[in-house]
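Written below as C-alpha cells is the structure these notes are about.
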Amino acid sequence: MSLETVLILVSIGIAAGVLSGLFGVGGGIIIVPSLLAVYGFNHFDSPYIVHIAIATSLFTIIFTSLSSAHKHFSHGNVEWKAALFIGLTSAVTVFLFSKIAILLPGETLKQTFSVVLIIVALKMLFDKKEKHDDNADKRPEMFRPWLCLGIGALSGAIAAFSGLGGGVFVIPLMHYLMKAPIKKAIGTSSAAILITAVAGVLSYFVNSPAGANSIPYSFGMVDTLSALPVIAASIPFARVGVYINRKTHHYLLTKLFAVFIIIVSVKLLFF
C-alpha cells in the first residue's frame, strides 16, 4: 500500500470519526464511497467491490462507535436500555439481511432507502423550534420496548443494504416517536450502532462467497489492511465530534443533522 493511499485512508478516518461523534452515525456515508474511490485508484476490480466496501465500513464502525459511545456516555447522553434493545434487534436483522444484500447488485444497495431518508430529513429541517431544553435527565422515561425493537429491525436492514450504521434512521425515529432530545438520541444511537456493526461484519464473513475478496490480509469481505488507517484516525476524532456536539445547541444540531441526512440521501441516490 502506497503512502498516498494510507494518507487518504487516514483522512477518511478523520472525517468518519467527527461525523460519528457529532451525529451518532457510524461514518459509513464517508467510508463506503471513499473506499470505492481508493479501490478504483489502485485498479482493484471485483463484482463484489461494493459489498467489500460495505463490510469494511461496518468493521471500522465497530471501533469508531465504541469511542463515540464512551464519550457520549460520560456526558450522560446514552440510554443503555434503549441502546441494548435497538442494538440486539438490529444485530439479528443485519445478520439475516446481509445474506440477501450479497445477492443484489451494488447499485441497488447504494440507492436503498434514499427517498425515505429525504422525507425524514425535510421534516426535521422544517419543523418549528421545539420548546424542550437540552437536559434529557429532567425528562420523564421516554423509551418503549416495542418501539425500540421496531427501530432496531429497520436499523439492521439499513446497515446490511447500505453499509451505514443505521443512525440516520435511529436518531430521527427516537426523536419523533420516543420524544428523545436530539443529543440523547445521538448518544444512544452511537451505542446501538456498535452492536449492529459487529453483527454486520460477522454476517458478511459467514455469507461471503468463496473467492469473493482477493485483497491481501482480508477476512471474509472485510479489507483489513485498508480498515486499519481508517480506524486509527477515527477513534480519536470521534471524541472531537462528541466535543462539538456538546457545544452545539440542540435546535441547531437537529437542523445540521437534517442537512446531513439530505446529503447522505442524494449521494446514495445519484452516485
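Any read-out appearing in this document is the output of simple, stated calculations on the displayed coordinates, not a laboratory observation. Not measured: the values here are computed from a predicted model. Please note: Cβ atoms are built from the backbone with ideal geometry, for glycine as well, and neighbour counts cover all protein chains shown.
Here are the numbers:
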{"quantity": "Percent RCO, i.e. relative contact order, over region 14-53, from Cα pairs under 8 Å lying at least 6 residues apart", "calculated": "32 percent"}
{"quantity": "Computed lengthening from residue 266 to residue 123, 0.36 nm per intervening residue step minus Cα-Cα distance", "calculated": "49.9 nm"}
{"quantity": "Highest to lowest packing among 189-198, 67-76, scored as the average C-beta count within 10 Å", "calculated": "189-198, 67-76"}
{"quantity": "Cβ-based exposure ranking for 3, 202, 66, 252, in which fewest neighbours within 10 Å come first", "calculated": "3, 252, 202, 66"}
{"quantity": "Integer Hz, Karplus 6.51/-1.76/1.60 couplings in order for region 173-186, x for Gly and Pro", "calculated": "5, 5, 5, 8, 7, 9, 6, 7, x, 4, 5, 5, 5, 5"}
{"quantity": "Computed lengthening from residue 100 to residue 46, 0.36 nm per intervening residue step minus Cα-Cα distance", "calculated": "17.6 nm"}
